[in-house]
Amino acid sequence: MRNRYFLLFDTLGLLAVPFVVLAVRFEGFDWPPGYAETGLIFALVSLPARVWIAWRAGLYRCLWQHASIVELERILLAAGSAAVVSFLLGAIVLPFAGIVPLRMPFVALVLDGLLTVLILAAPRLAVRYVSARRYRGVEGVRTIVVGAGSAGQLVAREGSASSRAQYTVVGFVDDDPRKLGLYLNGVRVEGRIDDLPTLIRDLAARAVVIAMPSASGALVRRIVEMCAAAGAKARTVPDLSDIVSGRIGVTSIRPVEIQDLLRRSPITTDLTAVKGLVGGKVALVTGAGGSIGSELCRQIADLEPELLVLVDHSENQVFEIDRELRRRFPRLRLAPLIADIRDVSRLRDIFARFRPFAVFHAAAHKHVPLMEENVIEAVTNNVLGTRNVVDAALEFGTTHFVLISTDKAVRPTSMMGASKRIAETIVRLAASREHRHFVAVRFGNVLGSSGSVVPTFMEQIARGGPVTVTHPEMRRYFMTIPEAVQLVMQAGALGTGGELFALDMGEPVRIADLARDLIRLSGLEVGTDIEIQYTGIRPGEKLYEEIFFEGEDVQPTAHPKVMRATAELPSEATDTQIGELIRLASLAPHDVERLRAALIELVPDFIVEEPPSRDIVPITTRRSAG
């Protein structure tokens with residue numbers, strides 16, 4: 001129904017109400033003298049007031065077939081207000097003004113208010129009811145919803161509110177004992193989460209939707225395992241960070257992803273401190289087109305900088321992040337720049353032109369085995385490039401500088417880890433000499449970043465396998481990209497100069513377990529559909545990663561997820577050694593072995609780990625999905 005029909009219905013109904021209530025009051029239409037005139041005048045005077053109140057309450061601007069509790073509140077507000085105005089008109093205003101010969105009876109006015117509620121509510125609720133009933137017979141995939149809360153209610157409503165609904169909710173499960181046996185959106189809460197396997201069978205459910213945006217990764221993993229064992233597909237609603245940011249709606253049901261299995265408690269950020277870092281100021285991000293750099297740009301853009309400078313050597317990556325930011329933040333001032341951080345004159349030109357207040361240095365080579373074969377690139381990009389950016393920042397007045405480092409810089413066994421350790425040293429020496437807020441932030445592997453393990457595994461699964469893992473006991477720390485960047489910015493706001501910050505990444509995850517989870521989430525079975533093949537540890541790799549090394553004094557910070565480490569500063573001779581290392585990398589022809597030796601000499605705790613015996617590593621293993 002269009003709202004003009006509601007207006008017509010309201011006008012006719014409200015005009016008739018005074019005569020109906022008088023007929024009820026006098027038990028018929030044989031009224032005492034004067035009441036007919038009083039009723040007519042009351043009807044004509046109160047009608048415009050009631051319609052105006054209904055219009056102001058928005059009752060003619062709603063899609064009533066999709067009405068919810070908000071629209072019901074509008075109806076009650078409008079009807080209640082109209083009833084009060086009508087009562088005052090009939091009992092006080094019109095009689096005392098001498099406009100009507102008699103006062104409307106109080107009983108009639110009370111009935112008038114009740115009928116006003118009915119007139120305004122009935123047609124709208126009828127439209128909503130008919131709309132809901134229209135799709136009630138549409139049968140989608142029989143689905144159980146985990147979580148009988150607001151998210152679960154939205155999932156159930158979405159499933160029954162459209163002819164294109166792909167699922168039908170047949171039951172809820174919830175561990176809250178107060179909800180057991182009750183109904184939500186017409187669907188019963190059938191049991192607890194542990195009852196899922198039995199309920200999947202009894203209700204003939206083919207899918208399970210986890211409607212708990214804040215559920216821990218351990219709980220999601222348990223539910224997924226129960227679904228796999230019972231032959232049902234697991235789905236989920238987005239996590240809280242996606243919902244709050246507005247990127248995804250709560251009913252955007254999607255398959256469970258590896259991030260859900262590793263989900264941790266939501267991170268709280270001191271936005272005041274972080275906004276002081278970039279809000280209303282010029283911020284510059286190197287490596288702006290990469291996985292970490294691009295997310296840094298998104299989160300910085302949210303904080304309304306005066307200008308955001310995007311620096312990357314990849315033309316395509318700069319183009320993509322620039323286009324995305326212009327679409328999402330049309331008022332944001334951007335400067336997309338193509339530059340190689342090894343080109344010192346280009347960097348000086350950029351810093352002289354924009355004079356950034358805060359710099360986030362995310363440009364780096366990061367692949368461990370690749371850098372073992374390309375030591376020159378590791379040194380020129382990770383060491384020389386960092387020194388160039390730091391020097392430009394110092395020369396042109398940058399106040400805050402944040403280096404994105406890695407846990408592989410701790411007791412490094414690789415050229416990449418050693419080069420990042422030296423990059424940390426460069427930042428700390430600059431902070432000490434110039435008394436600037438220059439800091440480094442370490443974190444581990446980032447889920448979904450380009451070239452990381454998850455996309456690699458997914459590509460192998462898509463090809464039909466095998467999924468290659470270097471060693472069954474290989475473990476790594478993991479974070480999601482938004483989570484890591486959020487903490488990087490928090491650490492940048494906490495830093496006073498020279499600190500090394502590390503992020504709390506929870507417990508390390510076995511790469512083999514990660515591979516099995518991804519195979520299972522793809523609807524396949526390990527050993528039957530996809531094989532896991534162990535290939536042996538590659539050059540430069542460690543079985544376990546560490547966050548801090550011996551000699552670092554680790555202290556908590558004001559943020560529970562960020563730790564601060566301080567250590568004795570290297571001597572000025574170290575700065576000279578770094579210069580010599582860079583000189584060696586620039587000589588042609590290159591003496592790679594001499595360069596490698598100089599790199600290792602600069603890092604006192606560089607170790608060469610003997611890889612575990614390959615005798616314990618089968619080339620191919622077949623395991624059950626459990």
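State whether the residues of the stretch 214-225 include one that is open to solvent by 20 Å² or more (accessible area, probe 1.4 Å), more than 23 Å from ASP513 (Cα to Cα), modelled with pLDDT under 80 and part of a helix (DSSP H, G or I).
no
Please state which one of ALA358, ALA335, ALA393, ALA352 is under 20 Å from GLU315 (Cα atoms) and modelled with pLDDT of 90 or more.
When all the criteria are applied, what remains is ALA335.
Conditions: (1) open to solvent by less than 10 Å² (accessible area, probe 1.4 Å); (2) among the acidic types (Asp, Glu); (3) modelled with pLDDT of 90 or more. ASP407 meets all but one. Number of the miss?
Here ASP407 meets the rest and fails (3).
I'd like to know if the stretch 170-192 contains one or more residues that are within 23 Å of LEU521 (Cβ to Cβ), open to solvent by less than 70 Å² (accessible area, probe 1.4 Å) and either part of a helix (DSSP H, G or I) or in contact with a Pro (Cβ under 7 Å, 6 or more places away or on another chain) (or both).
no
Keeping to the stretch 312-357, report how many residues are open to solvent by less than 90 Å² (accessible area, probe 1.4 Å), under 21 Å from SER291 (Cα atoms) and not charged (D, E, K, R).
14
Within the set of pairs 6 or more residues apart or between chains, which connect a residue that is modelled with pLDDT under 80 inside the stretch 506-524 to a residue that is of a type in the set (Asp, Glu) and outside any helix (DSSP H, G or I) with Cβ atoms less than 8 Å apart?
From residues that are modelled with pLDDT under 80, the pairs are PRO508/GLU545; LEU521/GLU257.
Looking at VAL379, is it more than 20 Å from PHE401 (Cα to Cα) and either open to solvent by 10 Å² or more (accessible area, probe 1.4 Å) or modelled with pLDDT under 95 (or both)?
yes
Go through the stretch 499-527 and give me each residue that's open to solvent by 20 Å² or more (accessible area, probe 1.4 Å) and over 23 Å from ARG235 (Cα atoms).
Those that are open to solvent by 20 Å² or more (accessible area, probe 1.4 Å) and over 23 Å from ARG235 (Cα atoms): ASP504, GLY506, GLU507, PRO508, ARG510.
Here is a list: GLN486, GLN533. Which entry is assigned to a strand (DSSP E or B) and open to solvent by 10 Å² or more (accessible area, probe 1.4 Å)?
Matching residue, one of GLN486, GLN533: GLN533.
From the list ASP591, ASP605, ASP615, exactly one residue is out of contact with any Lys or Arg (no Cβ under 9 Å at 6 or more places or on another chain), acidic (Asp, Glu) and at pLDDT 75 or above. Which is it?
Only one candidate qualifies: ASP591.
I'm trying to understand the selection: among the residues of the stretch 148-169, which are part of a helix (DSSP H, G or I) and modelled with pLDDT under 75?
ARG157, GLU158, GLY159, SER160
Name the residue that is modelled with the highest pLDDT, counting only residues in the stretch 260-285 that are part of a helix (DSSP H, G or I) and in contact with a strand residue (DSSP E or B) (Cβ under 6 Å, 6 or more places away or on another chain).
So, considering only residues that are part of a helix (DSSP H, G or I) and in contact with a strand residue (DSSP E or B) (Cβ under 6 Å, 6 or more places away or on another chain), the one modelled with the highest pLDDT is VAL278.
Quick one: is ALA205 at negative phi, part of a loop (DSSP other than H, G, I, E, B) and surrounded by 15 or more Cβ atoms within 10 Å (Cβ to Cβ)?
It is true that ALA205 is at negative phi, part of a loop (DSSP other than H, G, I, E, B) and surrounded by 15 or more Cβ atoms within 10 Å (Cβ to Cβ).
Filter the stretch 118-144 for residues that are open to solvent by less than 30 Å² (accessible area, probe 1.4 Å), at pLDDT 75 or above and outside any helix (DSSP H, G or I) and give the result.
Correct list: THR143, ILE144.
Got a number for residues in the stretch 426-470 being assigned to a loop (DSSP other than H, G, I, E, B), buried (at least 19 other Cβ atoms within 10 Å of the Cβ) and modelled with pLDDT of 85 or more?
1
Find all pairs meeting these conditions: Cβ atoms under 9 angstrom apart; at least six residues apart or on different chains; first residue within the stretch 275-295 and closer than 18 Å to HIS437 by Cα; second residue charged (D, E, K, R) and open to solvent by less than 20 Å² (accessible area, probe 1.4 Å).
Pairs that qualify, where the first residue is closer than 18 Å to HIS437 by Cα and the partner is charged (D, E, K, R) and open to solvent by less than 20 Å² (accessible area, probe 1.4 Å), are VAL285/ASP312; THR286/ASP312.
Just checking, does the stretch 21-42 include any residue being in contact with a Ser or Thr (Cβ under 6 Å, 6 or more places away or on another chain) and either open to solvent by 60 Å² or more (accessible area, probe 1.4 Å) or at pLDDT 75 or above (or both)?
Checked the stretch 21-42: no residue is in contact with a Ser or Thr (Cβ under 6 Å, 6 or more places away or on another chain) and either open to solvent by 60 Å² or more (accessible area, probe 1.4 Å) or at pLDDT 75 or above (or both).
Kindly evaluate THR386 against the criterion of being touching a residue at least 40 places away in the same chain (Cβ under 8 Å), in a helix (DSSP H, G or I), among the β-branched types (Val, Ile, Thr) and closer than 30 Å to LEU543 by Cα.
The answer is yes for THR386.
Which of the residues spanning the stretch 295-311 are assigned to a helix (DSSP H, G or I), open to solvent by 10 Å² or more (accessible area, probe 1.4 Å) and either closer than 23 Å to ARG342 by Cβ or in contact with a helix residue (DSSP H, G or I) (Cβ under 6 Å, 6 or more places away or on another chain) (or both)?
Residues satisfying the conditions are GLU295, GLN299.
The values are calculated or read from the model by the stated rules, or taken from the named source; none is laboratory data. Given the structure is predicted, the values throughout are model-derived calculations rather than measurements. As a convention, Cβ positions derive from the backbone with ideal geometry for all residues, glycine included, and neighbour counts pool all protein chains shown. What goes into the accessible areas is simple: the full protein's heavy atoms, side chains included, and nothing from ligands, DNA or RNA. Shrake-Rupley method; radii C 1.70, N 1.55, O 1.52, S 1.80 Å.
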